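FYI, it's all coordinate maths here, none of it is from the lab. The structure presented is a predicted model; accordingly, all values stated were derived computationally and were not measured. Every residue, glycine as well, gets a Cβ built from its backbone with ideal geometry; the counts of neighbours run over all protein chains shown.
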Amino acid sequence: MEFEGRVVLVTGAGTGNGEAIAERLYADGASVVLVNRRLEPVEMVCKRIDPKGTRTLALTADVRDPEAMETAVKRAVDQFGKLDMAVNNAGVTGPAGVPVQDVEAETWREVVDTDLTGIFYSMKYEIPAMLTNGSGAIVNMSSANGVVGLPGMAAYTAAKHGVIGLTRSAALELAESNVRVCAVAPGYVATPRIMDAGKEVTHWMASVHPMQRLASREEVADLVAYLLSDRAAFMTGSVHSIDGGYTAQ
């Protein structure tokens, strides 16, 4: 129960990595605010992990909307009295295999507004709540392709690189305030969406990692939990790859 008495907000918590992270933090004692564009998925997660509804709160918010994220943070504080931690995980990939010159402007906006600007909006309101507490920890979800290039997915790659820059700047600004900010950069993870893509796709995804497999959602959640914990008290501004060697190539 490492996080007993602490409150965490997780965006994109309806499925995938966000769901696994929320479940892990709840199991470790945290009160968890699960945020998603659609309410039904996070309500289902809450009912599954917390049938009595005492330590979870399901909220709908679009991270691209600053007012929605301001409201989400306020509701978290109203419900549980404070905000100690946040995992900014919500994201979209956009289409693959599209050269820069062929990317539609609308697609670019959708991906960058969600994956990068959405994290900015989230942090904009999470940070003041943590400063009020006098401490806090934030993990932003980047990607292995936030560390290296990925042809055919320029918007996603640019946004995930941007997440790392945003993380580092915020960490330096907050270094003397007892609020830490780190980033996680996963390779391909065996989320339900990826596994539904079929064996040909998952086999290719596994093959690009030197370890020749996908990460599990639980492995990503373990890393996030560590970075949020007091065991990582001297870690801020750092980027943590969990990619089976992908970015070591």
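Note on residue 218 and residue 234: the extension gain reaches 3.4 nm, defined as 0.36 nm multiplied by sequence separation minus the Cα-Cα distance.
Multiplying the residue separation of residue 193 and residue 52 by 0.36 nm and removing their Cα-Cα distance gives an extension gain of 47.9 nm.
A full extension of the chain between residue 67 and residue 132 corresponds to an added length of 21.4 nm, given 0.36 nm per residue minus the alpha carbon distance.
Dipole size of segment 7-248 about its Cα centre, with +1 on Lys/Arg Cβ and -1 on Asp/Glu Cβ: approximately 400 debye, rounded to the nearest 20. Between 116, 182, 20, whose Cα lies farthest towards the positive end of the dipole of the chain when Lys and Arg beta carbons carry +1 and Asp and Glu beta carbons carry -1, centred on the Cα centre? In the chain, that residue is 20. Please work out which option in (i) 0.96; (ii) 1.02; (iii) 1.15 gives Cα Rg over 2.2 N^0.38 Å calculated from these coordinates, and answer with its label. Recomputing Cα Rg over 2.2 N^0.38 Å here picks out (i). Excluding residues on the same chain fewer than 8 positions from residue 160, give the lysines whose Cα lies under 21 Å from its Cα. Correct list for residue 160: 124.
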